[in-house]
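Encoded as C-alpha cells, here's the structure I'll be asking about.
The values are calculated or read from the model by the stated rules, or taken from the named source; none is laboratory data. Source: prediction; values computed, not measured. In this analysis, Cβ positions are derived from the backbone assuming ideal geometry, glycine residues included, and neighbour counts consider all displayed protein chains.
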C-alpha cells in the first residue's frame, strides 16, 4: 500500500468532524441552509460526550415560574461566569435554547411535561428559577436516539471510525482535512468548501474523567496547527465522579442530582466540610466552589485513601432512588456500594471544557473556511457555567455553525483536489512508519 495513492478521497460542500449533539445539530443547520454535509466521527455514529448526559439541560421556558425569561437566564449566566463570558454569544444561547427545546422535543426527545402540558423544570446550579428540562431519566440515550433518527430521515452522509490528523489549507483558507480510517489503516482525504470541528473537549488529559476514551482534544490540536485562535483554555467545569470502587473510577454519578436531593459531602474525618467554604449554601454552592473545596480537602490531607471525599445520601435515599439518580443507585449497588446504608467516594474530574476554539455567533473561527460548535468551541461561558448549559450550547451553536458554514460555502471556490498538502502529509507519515520498521500493508 502507498498512503497517498490508496487514499479514500471525498469532496463535499461542508465537512463536519464529530458525531455528537453539536455535530448533528450542525448537520441540521446545513440542511436548513440548502446544503447536504458529510459527517465523519472518530468513534461509532452517533457518539460523543453527549451520550453521557445525565440530568438534562436548562432553558428559561417560564414553565416552572411564569416570571422567568431568557434575559434573567442571561444575567445568571454572566454572574456564574465571573463576568468573563462572551455576552453576545451568551445572550443568543439564553434566548434560542427555547426554540431548540420545542424542536428537539418534536423530534422525539421525550421531555417530561406536567398535567397542564407545560414542561416540568427542576432546580440546577446558579439558577434563580427552576430551569432544568429532563426526560425523567438519564438524558444521553434519548437525546442521541432522537437526533440520530433525524439524521437518518434526512439521509445525512456519515462515516465512522475516521481519525483526522490535520486540516488542509490553500493559502489562508481551510479546505478540508486528511486522516485515517483507523480500523483498516486506509488514508482518508476530504476536500470541503467549509469545515466544522465538533469534536468535544480534552478530558483524557485527566486521570479521572467522565467522558468516552476517544474524546481526547484532537480538534483543538488540528485547529491550532491551522492557525485558529484558542480561548479560555484554563477554564474547565469540574464535576464529582466516582473515585472508588476502582472498576468504575471516573463513572459520572450525576452528582448534581444527588446534591439537589440533599446529599452531604464529608472528608475522611467525617466532617461536613462545605460548611467551612460556603456556610449559607453548603453543598448547594456553585459547582466551581464545591469542586475547589473537594480539591483543597484532598490536597491538605483530608481526603480518603482513594484520593476522594465521601458523598452521603443515606438520609435522602428514598428521594435519590427515584428519577434520573435511580439508575446510578443501581450501578453502585451492583458494584458493592449500598447507598441506603453507606456513602460512596467521589473525586473531581473534567465534565466540560469551557475554553476551546474562538468563535463568533455563526461558529466562524479566526481562519477562513473553519467553523466550530459545542464543547470544541470556547469563550461562550467564561470561567464557570450554570447547570445544564453544556447541552444548550451544543444545540444553539452546533446549529448556527452549520448554517454559517453552509451559507458561506456556496460562495467559495471548489478546492483543488490535489491541493491542501495532504499528499505531503501522508508521505511524511509513510516515511516515519518505514523508519520505525512498521507496516501499513
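Among (1) touching a helix residue (DSSP H, G or I) at 6+ places or on another chain (Cβ under 7 Å); (2) over 28 Å from residue 384 (Cα atoms), which single condition is residue 290 missing?
Failed condition: (2).
Let me ask another. From the list 34, 48, which residue is assigned by TED's automatic domain parsing to the domain that holds residue 216, crowded, with 19+ Cβ neighbours inside 10 Å and within 30 Å of residue 155 (Cα to Cα)?
Result of the check over 34, 48: 48.
Identify, from the list 387, 379, 398, the residue that is at pLDDT 95 or above and under 29 Å from the mean Cα position of the chain (by Cα).
Result of the check over 387, 379, 398: 398.
Oh, and also: Looking at (1) crowded, with 19+ Cβ neighbours inside 10 Å; (2) within 29 Å of residue 139 (Cα to Cα); (3) touching a helix residue (DSSP H, G or I) at 6+ places or on another chain (Cβ under 7 Å); (4) touching a residue at least 12 places away in the same chain (Cβ under 8 Å), which is the only condition residue 284 fails?
The single condition residue 284 does not satisfy is (1).
Being modelled with pLDDT under 90, more than 29 Å from residue 419 (Cβ to Cβ) and surrounded by fewer than 20 Cβ atoms within 10 Å (Cβ to Cβ), is that true of even one residue in segment 252-267?
no
Does segment 408-421 hold any residues that are closer than 16 Å to residue 37 by Cα and surrounded by 17 or more Cβ atoms within 10 Å (Cβ to Cβ), and which are they?
Scanning segment 408-421 gives 408, 409, 415.
Right, something else. Among the residues of segment 349-364, are any part of a loop (DSSP other than H, G, I, E, B), surrounded by 24 or more Cβ atoms within 10 Å (Cβ to Cβ), in contact with a helix residue (DSSP H, G or I) (Cβ under 9 Å, 6 or more places away or on another chain) and on the phi > 0 side of the Ramachandran plot?
Within segment 349-364 (the criterion being part of a loop (DSSP other than H, G, I, E, B), surrounded by 24 or more Cβ atoms within 10 Å (Cβ to Cβ), in contact with a helix residue (DSSP H, G or I) (Cβ under 9 Å, 6 or more places away or on another chain) and on the phi > 0 side of the Ramachandran plot), the answer is yes, since at least one residue qualifies.
Determine which single condition residue 310 fails, assuming it passes every other condition in (1) surrounded by 15 or more Cβ atoms within 10 Å (Cβ to Cβ); (2) assigned to a helix (DSSP H, G or I); (3) modelled with pLDDT of 95 or more.
(2)
Here's a follow-up. If you check 161, 148, which single one turns out to be modelled with pLDDT of 95 or more and in contact with a strand residue (DSSP E or B) (Cβ under 9 Å, 6 or more places away or on another chain)?
Criteria check complete, one pass: 161.
Go through segment 282-304 and give me each residue that's modelled with pLDDT under 95, within 22 Å of residue 269 (Cβ to Cβ) and not in a helix (DSSP H, G or I).
285
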